[in-house]
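Q: Pasting in a structure now, in structure tokens, and then I'll have a few things to ask.
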Amino acid sequence: MTKGEVIQAFFSRYMTAYAASAVPKDAVFPWLTYELVTGSWGDGDVDMQVNLWYYSTSEAEPNAMAEKISQDIGLGGVLLPCDAGAIWIKRGSPWCQSVPDEDKAVKRRLLNFSVEFLTL
């Protein structure tokens, strides 16, 4: 799989995942969006942001999902194979931030990732 396909597949493990510029008008909560970034060997860590989107009166669901993703990544990150090598996805800092929305029922969490491309 290409770098982009691997990243899409990784985030789709958790919920419907869209590139930030490709959320359809009829998308159904919950979903996540990500800003696709790529790099190559020697670029070092690249920052990537993911937003979790929920429509709820409770903070519990988005908080639980952010925690699940954090636990799955663990302290050392996850290494994902791709066509040209591997992608090392780690937690960034700060890991999770609550982002207010005009609609009080929209609960959004901004997750920061540090991604290293061990690829050509």
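The values are calculated or read from the model by the stated rules, or taken from the named source; none is laboratory data. Treat the numbers as computed from the prediction; the structure is a model and nothing was measured. Glycine gets a Cβ as well: all are built from the backbone with ideal geometry, and neighbour counts include every protein chain shown.
Q: Kindly check whether there is at least one residue in the stretch 100-111 that is assigned to a strand (DSSP E or B), within 20 Å of W53 (Cβ to Cβ), within 11 Å of the chain's Cα centre (by Cα) and not basic (K, R). Quick ask: steps written out before the conclusion?
A: Step one: filter the stretch 100-111 for residues assigned to a strand (DSSP E or B), giving 106-111.
Narrowing further to those that are within 20 Å of W53 (Cβ to Cβ): 106-111.
Right, trim to within 11 Å of the chain's Cα centre (by Cα) and you get 109-111.
Now drop any that are not not basic (K, R), which leaves 110-111.
Yes: the stretch 100-111 contains one or more residues that are assigned to a strand (DSSP E or B), within 20 Å of W53 (Cβ to Cβ), within 11 Å of the chain's Cα centre (by Cα) and not basic (K, R).
Q: May I pose another question? Looking only at the stretch 29-64, count every residue that is aromatic (F, W, Y), more than 17 Å from P100 (Cβ to Cβ) and under 13 Å from the mean Cα position of the chain (by Cα) and tell me the total.
A: Start the filter on the stretch 29-64 by keeping residues that are aromatic (F, W, Y), which leaves 29, 31, 34, 41, 53-55.
Pick out the ones that are also more than 17 Å from P100 (Cβ to Cβ) and you get 31, 34, 41.
Still in the list and also under 13 Å from the mean Cα position of the chain (by Cα): 31, 34.
The number of residues fulfilling the criteria is 2.
Q: Do the conditions hold for T38, that is, is it more than 20 Å from G92 (Cβ to Cβ) and surrounded by fewer than 17 Cβ atoms within 10 Å (Cβ to Cβ)? Talk me through it step by step, then tell me what you get.
A: Values: more than 20 Å from G92 (Cβ to Cβ): no; surrounded by fewer than 17 Cβ atoms within 10 Å (Cβ to Cβ): yes.
Here the answer is no, as T38 does not meet what is asked.
Q: Could you tell me whether the stretch 36-54 includes any residue that is closer than 22 Å to E5 by Cβ, in contact with a Leu (Cβ under 9 Å, 6 or more places away or on another chain) and of a type in the set (S, T, Y)?
A: yes
Q: Further question on the same structure: Looking only at the stretch 19-35, which residues are surrounded by 15 or more Cβ atoms within 10 Å (Cβ to Cβ) and either in contact with a helix residue (DSSP H, G or I) (Cβ under 9 Å, 6 or more places away or on another chain) or farther than 18 Å from R108 by Cα (or both)?
A: Listed by number, the residues that qualify are P30, L32, T33, Y34.
Every residue, every condition in (1) under 30 Å from D43 (Cα atoms); (2) modelled with pLDDT of 95 or more; (3) of a type in the set (D, E); (4) in contact with a strand residue (DSSP E or B) (Cβ under 7 Å, 6 or more places away or on another chain), yes or no:
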residue: Y54; (1), (2), (3), (4): no, yes, no, yes
residue: L75; (1), (2), (3), (4): yes, no, no, no
residue: G85; (1), (2), (3), (4): yes, yes, no, yes
residue: A105; (1), (2), (3), (4): no, yes, no, yes
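Q: Go over the candidates S70, S93, S40 one by one and state the one that is under 28 Å from L120 (Cα atoms), without any contact (Cβ under 8 Å) to a residue 24 or more places away in the chain and not charged (D, E, K, R). Let's see the steps before the verdict.
A: On the way: S70 fails: without any contact (Cβ under 8 Å) to a residue 24 or more places away in the chain; S40 fails: without any contact (Cβ under 8 Å) to a residue 24 or more places away in the chain.
Exactly one residue qualifies, and that residue is S93.
Q: Can you tell me which residue within the stretch 65-84, out of those that are loosely packed, with under 15 Cβ neighbours inside 10 Å and either on the phi > 0 side of the Ramachandran plot or among the β-branched types (V, I, T) (or both), is farthest from the chain's Cα centre (by Cα)?
A: Checking each candidate, the answer is G74.
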